[in-house]
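Novice: Here's a structure for you.
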Amino acid sequence: MTHTTVSLVAVLATVVLDLWVLRTRLLARRVYWVSYAIVLFFQLLTNEWLTSRGVFRYDPDAILGWRIGHAPVEDFLFGFALVTWSMCFWVWWGRRGVQAGPFDGTGMLRRGGARRSADDAAATRPPAG
Amino acid sequence: MRSWVYAGMLLFVLLATLPLEIVLRTRVYSRLRRFGLVLVCVAPPFVLWDVLATRAGQWSFDLSQTSGVTVAGLPLEELAFFVVVPIASVMTLEAVRNVRGWTVGDEPVDRP
C-alpha cells in the first residue's frame, strides 16, 4: 500500500474511533475544530521546516505528488489522525475518571484548578446596598 | 549530536506550548498519568505505521540532519515526535476549552 492509501485508511479509522468506538464525538464539537485549526497552522510551519530541508524524503511512487509547500498532502492526513487520536483518548480517559476535572456544581470545568478564596467570599457576601 | 534541525523543531513545539500550561492552566504536565495512558493508546499504532512505511521505502530520513541515533530504523527524534505532537494537541484542546468555556466530553454533565 502507498502512503496515500494508508493515510486515507487512517482518516477513516479516526472517524470510526471517535464516533463509534470511543464515542467521544469530538468531530462534532466546536472545541475540536478550533483546536485542530490551531494545530494545523503549526503543522504547516513545522512540516515545512523539515520537508523543505529534506529531512523527510518520499518515494515518488508512494505519494500522489500533491504538495502544500514542500509537504505531501498525505502528511496532513497522517497529522489529522495523530492529533485527533491524541485528543480522543485524552477525553476518553478523562471520561473514565482518570485525572478529570475539577468540575463545579453545574458540571462545567472549574477554571484555574481550585476555587479561589476571593470567589467564595464574593459568593457568600450579601449584596451591597 | 550531529544536527539540531529535527530536534530543534521539537523543542520549538515544546517551548511554544509551555506558556499554555502556565497562563491558561491546561494542566497536562500536572496530569501525567492521564497523558501517559493517551501515549500508551496512541503511540504504538503510529510508530508501527512509521516503522513499516520506512521499511517499505515509502519514505526515508536524512540522518545527517538528526542526532544520528536510530531505533528500529527511525531517528530518535521521530520517536520523540510521537510524544511531542500528542502533548501539543492535548494542550491546545485544553487551552481552547479554558478560554471559550466549551465542553470536550469528559464533563459529568455533557453539553455539546
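Here, each number is a calculation from the coordinates, and none is a lab measurement. Here the structure is a predicted model, which means the values were calculated and not measured. Here the Cβ is made from the backbone with ideal geometry for all residues, glycine too, and neighbour counts use every protein chain on show.
Novice: Would you mind checking the radius of gyration and Dmax of chain B based on alpha-carbon positions, in Å?
Specialist: 16.7, 52
Novice: Residue by residue through B:29-42, how many Cβ atoms from other chains fall within 10 Å of the Cβ on average?
Specialist: For this peptide, the per-residue mean of nearby foreign Cβ atoms is 5.
Novice: Considering every pair of different Cα atoms, what Kirkwood radius, in Å, is found for the protein assembly as shown?
Specialist: 19.2 Å
Novice: Also: I want to check the label-to-label distance for A:R57 and B:V99. Put each point 7 Å from Cα in the C-beta direction and report it in nm to one decimal.
Specialist: 4.0 nm
Novice: Additional query: If a helix is a whole DSSP H run, which ones in chain B reach 30 Å or further along their own axis (Cα) and hold a mean Kyte-Doolittle hydropathy of at least -1.0?
Specialist: TM-like helix candidates: B:32-55, B:76-100.
Novice: Neighbouring Cβ atoms within 10 Å as the yardstick, rank B:M9, B:M1 fewest first.
Specialist: So the residues, fewest neighbours to most, are B:M1, B:M9.
Novice: Relative contact order (percent) for segment B:50-112, with alpha-carbon contacts under 8 angstrom and 6 or more residues of separation?
Specialist: 18 percent
Novice: Excluding A:W92 itself, what net charge comes from residues whose Cβ is under 12 Å from its Cβ, given Lys and Arg +1 and Asp and Glu -1?
Specialist: Local charge sum for A:W92: +3.
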